[in-house]
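The values are calculated or read from the model by the stated rules, or taken from the named source; none is laboratory data. Not measured: the values here are computed from a predicted model. No Cβ is skipped: glycine too gets one built from the backbone with ideal geometry, and neighbour counts run over all protein chains shown. What goes into the accessible areas is simple: the full protein's heavy atoms, side chains included, and nothing from ligands, DNA or RNA. Shrake-Rupley method; radii C 1.70, N 1.55, O 1.52, S 1.80 Å.
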Amino acid sequence: MMTQATDQPLFVRMDDESFARLSSYVTREYGIKLPVNKRSMLESRLNKKVKSLGLDNYKQFLDHIFSEEEKQGDLLHVIDLITTNKTDFFREPEHFKFLSGSFLPAWTEQANRQAMNVWSAGCSSGEEPYTLVMVLEEFRKRNPAFNYSLLASDVSIRMIQAAFKGVYTLDKIAAISNEMRRAYFLRSKVQPDLVRVKPEYRKKINYRRINFMDDGFGLIKHDYDIIFCRNVLIYFDKATQERVIRKFAEHLRPGGLLFLGHSESIMGMNVPFRQLRPTVYQAMA
Ligand SMILES: C[S@@+](CC[C@H](N)C(=O)[O-])C[C@H]1O[C@@H](n2cnc3c(N)ncnc32)[C@H](O)[C@@H]1O
């Protein structure tokens, strides 16, 4: 067990060699680029963890997290600290308008439709998959025969736990209409600034930890109709983005859709998609 060093500095600086070791590990295993200008961001996110282990330099810290016995413990916690998890309900709202206004009605009109398979890939703390639940449920109210299954995944266990819990501060749902708030959220009785997604809607989402760098994503289904992978690939280099997008194509039905974030694109990539809207791509047969 590690003990607290008495003369531990308040802030532990990361030496060049440790930065190179950590950044090459994160890029190789998780795809996330960590150029030198991210060093101070890394230091500030990891400082508390390094100090809580009673350590005063990064060489010891990296030896600790990469040791065999820590591979499933502190190393995973470090990945939780490194990933950027910014997200919102109805982020990039034109995607959801396109779904309810165009894609869902056209999809249901085709013959022999079973349940629609939807995947929020890189779901962060759940705002994106719960937005999808709201959009799909609202559509179902108007089309009772419509049904869906929804998978939400992230590489960060901490984020999956937050999404599963479905608890948010009131300001997070400020932009959602009163009617939708009443339909999908419950106000906490003990903490009036908190809301929680109603249990019947929390149950609509299945969760998996998926690292986009893993072959085949460990998924069995190859018949998704919709994949949302927004504001994740932006942290990867172009070659890795292209590899991941090709894997998404393998998990989509012909005609299925891939939604990327507003600053992401498949331009210049050799991938089997055609563009339908800005950042909305359709898998080719
Ligand atoms: C900025 S959030 C985007 C959340 C949401 N999709 C949105 O657009 O609001 C990026 C998420 O991607 C996840 N992520 C980063 N690298 C990943 C990887 N290699 N595999 C799977 N998820 C990853 C992070 O943990 C983080 O929660």
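Ignoring solvent entirely, what values of log10 I(q)/I(0) come out of the Debye formula for the chain at 0.09, 0.16, 0.17 Å⁻¹ when each Cα is a single scatterer? Ignoring solvent entirely, the Cα scatterers give -0.50, -1.27, -1.36. Were the residues from A145 through F66 laid out at 0.36 nm apart, the gain over their Cα-Cα distance would be 23.3 nm. Rolling a 1.4 angstrom probe over the chain with all protein chains present gives an accessible area of which 53% lies on carbon and sulfur atoms. Taking the range 76-106 and a reference point 7 angstrom along Cα→Cβ of F11, the backbone N atoms nearer than 20 Å belong to 81-82. Within the same chain, aspartates and glutamates fewer than 8 places from K238 are excluded, and of the rest, those with a Cα less than 13 Å from its Cα are E264. Starting from the amide H of K198, placed 1.01 Å from N in the peptide plane, find each other amide H under 5 Å away whose residue is 5 or more places distant or on another chain. Under 5 Å from the amide H of K198 lie the amide H atoms of F185, L186, each far enough along the sequence or on another chain.
Projected label points at L194 and R243, each 7 Å from Cα along the beta carbon direction, are separated by 4.0 nanometres. Helical content alone sets the calculated 222 nm signal of the chain at -11000 deg cm²/dmol, taking -39,500 (n - 2.57) per DSSP H segment of four or more residues and averaging over every residue.
DSSP bridge analysis restricted to the chain gives an antiparallel fraction near 40%, rounded to the nearest 5. Solvent exposure of the range 93-283 amounts to 48 Å² per residue of accessible area, where only protein heavy atoms count and the probe is 1.4 Å.
How many angstrom lie between the Cα centre of the range 189-208 and the Cα centre of the range 32-78? If we compute the Cα centre of each part, the gap is 32 Å.
The dipole here belongs to the chain: it is taken about the Cα centre, uses +1 on the Cβ of Lys and Arg and -1 on the Cβ of Asp and Glu, and is about 980 debye. Note on the range 1-117: Lys pairs 8 or more places apart or on different chains, Cα atoms under 24 Å apart, count 21. Counting only Cα atoms, the size of the range 16-82 along its three principal axes is 27, 21, 20 Å, in decreasing order. When peptides 43-55, 107-119 are ranked by their average number of other Cβ atoms within 10 Å per residue, the highest-first order is 43-55, 107-119.
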